[in-house]
Amino acid sequence: MSPKDLLNQISAIANEVPLHLIKLLAANVEGMTVDNWFYARNQVVQSMPQPNLRVQVGQLLDTWHRENPTLTPQSLALALLAAAQIADQRRRSQSTSLVWTGPTSQGPALRRTDQALLQVINTARQYLLVVSFAVYKIANIRTALVKAAERGVTIKICVEAPEPSEGKMTYDTIKALGKSISKHATVYIWPKDKRPQTDDGKYGSFHVKCAVADEELLFISSANLTEYALTLNMELGVLIKGGPQPRNVTAHFSRLMEDGVLVPVEE
């Protein structure tokens, strides 16, 4: 491993763990003595309250001890605190807004669903992920996706498909996307043989609806990628700018693709 591995582990903990726990971890790391490494390691690990966090901290300490032994406990503690402060500031700078399709009310104004989705697509400069159960009549969205591809954005689209949905999807979502999208994007489906199954033979549905631009802007909604969902139905969602959520959703879908849970559609 390289120092980059330790930095990545520090960054992961800082982004996923609350600041008060990072401060506890840093204080315990700073007080470590290397004379009895295994005892000191276990003391720090056991000071963490959750089992998954104890595993993560143990891996961090092992990487430090094995690959970067010249780094002092004080330096590691300072690195943890610095990363945590940056992550905390970024979380605090995060903005969220509610997104709505449907009748208006006398309450606070909400963003329209089609406007929010177009904002995500038009914001993307490097990478765009779009996920939907259904796809139907999306001319303006299709135009925006093609423009994104023309400016060099890598586009990945995940949709439900008729065959693996076992009749829950009655039309061809791949064709509904249109040739212009299939030409510019990689389209993924969840194959039937990768889905959980009940005792009576029922398969799970691919029911997610979201979009992410450049790991910075995340839209989660009840709305499908259809004309009615974007303009006519009653739908509710949230638009999240900044913070760890856009990056985490992108990473989660990337792992599903890498692991073969989601597979690209062959032309």
Complete set of residues in segment 25-77 that are touching a residue at least 24 places away in the same chain (Cβ under 8 Å), touching a helix residue (DSSP H, G or I) at 6+ places or on another chain (Cβ under 6 Å) and small (Gly, Ala, Ser) | ALA26, ALA77
Report, by residue number, each residue of segment 176-200 that is in a loop (DSSP other than H, G, I, E, B) and closer than 13 Å to GLU160 by Cα.
-> TRP190, PRO191, ARG195
When you look at LEU128, is it buried (at least 23 other Cβ atoms within 10 Å of the Cβ) and either at pLDDT 85 or above or touching an Asp or Glu at 6+ places or on another chain (Cβ under 7 Å) (or both), yes or no?
-> yes
Those residues of segment 90-121 that are more than 19 Å from the chain's Cα centre (by Cα) and either outside the structural domain of LYS147 (by TED's automatic domain parsing) or of a type in the set (Ser, Thr, Tyr) (or both) come to a total of 4
Selection from segment 131-152 of residues that are modelled with pLDDT under 95 and of a type in the set (Val, Ile, Thr) | VAL135, ILE138, ILE141, THR143, VAL146
Scanning segment 54-68 for residues that are touching a Leu at 6+ places or on another chain (Cβ under 7 Å), in a helix (DSSP H, G or I) and surrounded by fewer than 17 Cβ atoms within 10 Å (Cβ to Cβ) gives GLU67
Report the residue count in segment 250-263 for those that are closer than 25 Å to THR143 by Cβ and either outside the structural domain of LEU117 (by TED's automatic domain parsing) or hydroxyl-bearing (Ser, Thr, Tyr) (or both).
-> 1
Identify the single condition in (1) modelled with pLDDT of 95 or more; (2) closer than 17 Å to GLU266 by Cα that HIS184 does not satisfy, given that it satisfies every other one.
-> (1)
Within the group ILE157, ILE121, which residue is of a type in the set (Val, Ile, Thr) and out of contact with any strand residue (DSSP E or B) (no Cβ under 6 Å at 6 or more places or on another chain)?
-> ILE121
Among the residues of segment 122-134, is any without any contact (Cβ under 8 Å) to a residue 40 or more places away in the chain, in a helix (DSSP H, G or I), more than 22 Å from VAL99 (Cα to Cα) and not small (Gly, Ala, Ser)?
-> no
Filtered residues of segment 196-212 (kept if farther than 16 Å from PHE253 by Cβ and buried (at least 16 other Cβ atoms within 10 Å of the Cβ)) | TYR203
Would you be able to say whether some residue in segment 219-236 is aliphatic (A, V, I, L, M), in contact (Cβ under 8 Å) with a residue 40 or more places away in the chain, assigned to a helix (DSSP H, G or I) and touching a Leu at 6+ places or on another chain (Cβ under 8 Å)?
-> yes
Output the residues belonging to segment 229-249 that are out of contact with any helix residue (DSSP H, G or I) (no Cβ under 7 Å at 6 or more places or on another chain), more than 21 Å from ASN140 (Cα to Cα) and aliphatic (A, V, I, L, M).
-> VAL249
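The values are calculated or read from the model by the stated rules, or taken from the named source; none is laboratory data. Keep in mind it's a predicted model, so treat the numbers as computed, not measured. All Cβ positions, glycine included, derive from the backbone under ideal geometry; neighbour counts span all protein chains shown.
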